[in-house]
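Only one structure is covered here, and it is reproduced in the block below.
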Amino acid sequence: MTSPLDTLVRGLDPDSVGAAMHAFAAELQPIPRSLTGDGVRATLAKIGERIRLAVHEVPTGTPVLDWTVPREWNLRAAWVKGPNGETVVDAAHSPLHVVGYSVPVRARLPLAELQSHLRSLPEHPDWVPYRTSYWRETWGFCLPHCQRETLPEGEYEVLIDATLADGALTYGECFLPGETAREVLISTHVCHPVLANDNLSGLALATFLAERLATVPRHHGWRFLFVPGTIGAITWLAGNEEAVARIDHGVVVANVGDPGGFHYKRSRRCDAPIDRAVPHALADLGEAVRVEDFVPFGYDERQYCSPGFDLPVGSLTRTPWGRYPEYHTSADDLTFVRPEALAGSLRAYLAVAAHLESNARNGAYSRYRNLLPKGEPQLGRRGLYGTLGGTTAGRERELALLWVLNQSDGRHDLQAIAERAAVPFETIAEAAEALLSAGLLAPVD
Ligand code: ZN
């Protein structure tokens, strides 16, 4: 049976959707995002024109888990002028030129002293690096290394006109209710200025995914978070213990617009339903995906998968962070992000959504406990054995009964049992139904 969500996956027109996603990324690109501040608000306002977004403001100083919501940073101007009054760099040309969260400064200083506040990339002399200093008070500028090498001796003038003051941390949340209380979490960061793959692609994907899921019936509630990296996820987790308990599956979205192939990073649990659903859904689409184990670094899966939460949250990307040279530089721009890659990523996420939704509906994630786990229960006496004796179908059905009984220790769901047994899911589901009616199984939670 084809669900409305399956129809969305199949009906997705990559050309028009890819162009629209790329255009949306371009619309968001000039907004000067940071961990906090008006750039985040303006970004969320644009996203809110497409999906129903609740914008939360959490005041500076609020304790969140082991952290504290920081002061809010807003930049008005930042530039460096050379000995002859010429502009060396100006944040008006690109927010990458100023180290994010720089403290305000107005000073005249010799080149030697300025050098300690400059950042550049000798290995990519034409690119401007992206640097921040959220948790240490300092200031700095970023520029192409080739330009840095030509700076003449003399006295330089620097200005960073910024406020770093009590305010708020801003994040966006879009909740699409489902038929059940169980939820899927989709989380993406909203804190990088300019960078296209490492930010705009994730923002576009999460927005377009929410826009589409809003139009179909949903088993799960779908919760989309647009949060500043690390502190945003921590802030959300600190304030939402109830919603946390309802999360059955989650994916952290980032780096979904580069031309590379798909990578899926498993949740800390490694064998959560999401860890099986993503490779399955992509295989069904004919997309190759490289599956990697959980490591406690990366994006906000670090927070969702911290042991006190241990949420079933993985991360589906194209090329993972740090593995492409353009990462965290001015070369991560809108030419690096391709419309067709964005559309392909949206299709992959929709396919994962379709997989999660249909598996929840048909009980693939249901887990049972064998009520007579010592030895095999006598199936013949209960009329479960041999009615189709000798036929292939009969043999497969018996095998399914034995697999379900053997694996139903409360840890393996029906989908996992079907995979391990290499028996069609429907046969496993029927076997579970029969064992349940015979009083040999009890559902777990
Ligand atoms: Zn990043």
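Laboratory data are not the source of any read-out in this text; all were calculated from the coordinates shown. Note that the structure is predicted; figures quoted are calculated from it, not measured. Cβ atoms come from the backbone with ideal geometry, glycine included; neighbour counts cover every protein chain shown.
Between the stretch 308-330 and the stretch 1-52, the C-alpha centres lie 19 angstrom from each other.
Helix 425-437: angle to the longest alpha-carbon principal axis of the chain, degrees 0 to 90, nearest 10? It works out to around 60 degrees.
Value of Rg to Rh for the chain, rounded to two decimals, is 1.08; Kirkwood radius and Rg both from alpha-carbon coordinates. Taking amide H as placed 1.01 Å from N in the peptide plane, the amide H of L169 sits under 5 Å from that of V58, T60, each at least 5 places away or on another chain.
With θ taken as phi - 60° and the Karplus curve 6.51 cos²θ - 1.76 cosθ + 1.60 applied, the whole-hertz 3J(HN,Hα) list for the stretch 307-323 is x, x, 10, 6, 6, x, 10, x, 9, 10, 10, 8, 6, x, 3, x, 9 Hz, x standing for glycine and proline. Counting only DSSP beta bridges whose two residues both lie in the stretch 175-296, roughly 10 percent are antiparallel.
Against the chain, whose longest principal axis is taken from its Cα atoms, helix 339-361 shows a tilt of about 30°. Helix 201-213 and the long axis of the chain differ in direction by around 40°, with both axes built from C-alpha atoms.
For the stretch 73-165, the alpha carbon positions stretch 36, 28, 22 Å along the principal axes, listed from largest to smallest. Taking chymotrypsin sites (Phe, Trp or Tyr not before Pro) as exposed when DSSP calls them loop and at most 12 other C-beta atoms lie within 10 angstrom, the chain has its longest site-free stretch at 136-296. Would you tally the net charge around A429, using a Cβ to Cβ cut-off of less than 14 Å, leaving A429 out, and scoring K and R as +1, D and E as -1? Around A429, the charge tally is -3.
What shape does the stretch 367-444 take by its C-alpha gyration tensor, where a ≥ b ≥ c are the square roots of the eigenvalues and a/c under 1.5 counts as rounded, a/b above b/c as prolate, and the rest as oblate? Oblate. Across the chain, C-alpha contacts under 8 Å between residues 6 or more apart give a mean separation that, scaled by the residue count, equals a relative contact order of 17 percent. Electrostatic bookkeeping for Y385 treats Lys and Arg as +1 and Asp and Glu as -1; over the other residues with beta carbon under 13 Å from its beta carbon, the sum is +2. Remark: the stretch 110-127, residue by residue, has Karplus-estimated 3J(HN,Hα) of x, 3, 4, 6, 4, 3, 5, 9, 9, 10, 8, 10, x, 6, 9, x, 9, 9 Hz, where x stands for each Gly or Pro and the curve is 6.51 cos²θ - 1.76 cosθ + 1.60 at θ = phi - 60°.
Expressed to the nearest 5 percent, the antiparallel share of DSSP beta bridges inside the chain is 65 percent.
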